[in-house]
Ligand code: E4P
């Protein structure tokens, strides 16, 4: 999506595998893609191939589906199978030695990989060098252990810009609207968030108060004059 300056606008992904949430959010016209992980897929109870296919019918954008193998050969095999589900599927591999090896192999085959569970700039460098399509730094989980998670997004942005890496930075594990704003300020290409956080982005008490005021002023004149007429 190009912005008004001809650059790329921040993309909003939904971090869920729940079909009702995806339908509700896509109706707002602001969802560019979806991230899932084994926890989110397991929560819905369907086999991953089936769940990802259903998600692809709802959202027309990159849909991340994660491998569950721990060894590189197993990840490559699963990755190929996941990529066959739909052209929009992005294979998610964890940031382990085997995950980076699988990322490198899948990327060479033209399969797009989202490298997940990134907690350091050094790990992000490895992912970019392996040809990752997306790197996913986990902001909230770093905050949980007393670090400033968003610093990781800021550092990766600088490092990738220094070398013109094409890997997109996806700020993950976002827990609040402030996280989304800070990810955009840091220059992340994508912010993925649970439905609850996307819904919270709408809220402002002055918007509600303003609507009440506008409509009551309108009603006072037009409703009463209609009634009189
Ligand atoms: C991203 O791809 C992950 O699925 C997700 O953002 C993890 O978020 P959590 O730390 O809130 O579980």
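Panel order for 196, 77, by other beta carbons found within 10 Å of each beta carbon, from fewest to most: 196, 77.
Note: relative contact order over region 95-229, using C-alpha pairs below 8 Å and six or more positions apart, is 17 percent.
Distance between the C-alpha centres of region 157-179 and region 60-128: 17 Å, rounded to the whole angstrom. Springs between Cα atoms under 10 Å define the GNM used for the chain, and in it the highest mean-square fluctuation of 59, 68, 180 occurs at 68. Note on 189, 179, 204, 223: ascending count of other Cβ atoms within 10 Å places them as 204, 223, 189, 179, the fewest first.
Looking at region 91-227, the DSSP beta bridges with both ends there are about 0 percent antiparallel.
For the chain, the longest principal axis of the Cα atoms and the long axis of helix 97-108 meet at an angle of about 80 degrees. Each residue of region 104-155 gets 61 Å³ once the volume of the Cα convex hull is shared out per residue.
Normalising the average separation of contacting C-alpha pairs (under 8 angstrom, six or more residues apart) by the number of residues puts the relative contact order of region 1-80 at 27 percent. Comparing 80, 43, 154 in a Gaussian network model of the chain, where Cα atoms under 10 Å apart are tied by springs, the biggest mean-square fluctuation is seen for 43.
Comparing mean-square fluctuations of 100, 178, 52 from a GNM of the chain with C-alpha springs under 10 Å, the top value falls on 178.
Computed over the chain, the Cα gyration tensor eigenvalues convert (square root of 5λ each) into semi-axes of 38, 21, 15 Å, ordered from largest to smallest.
Using only Cα positions of region 62-160, each an equal point scatterer, no hydration layer, compute I(q)/I(0) via Debye at q = 0.15, 0.17, 0.18, 0.22 Å⁻¹ and quote the log10 values to two decimals. Ignoring solvent entirely, the Cα scatterers give -0.55, -0.69, -0.76, -1.03.
How high is the relative contact order of the chain, in percent, with contacts defined as C-alpha pairs under 8 Å that are six or more residues apart? Rounded, it is 16 percent for the chain. When the Cα atoms of region 32-106 are aligned to their principal axes, the ranges along those axes come out at 33, 23, 18 Å in descending order.
No value in this document is a laboratory result; all are computed from the given coordinates. Here the structure is a predicted model, which means the values were calculated and not measured. FYI the Cβ positions are ideal-geometry reconstructions off the backbone, even for glycines, and counts take in every protein chain you see.
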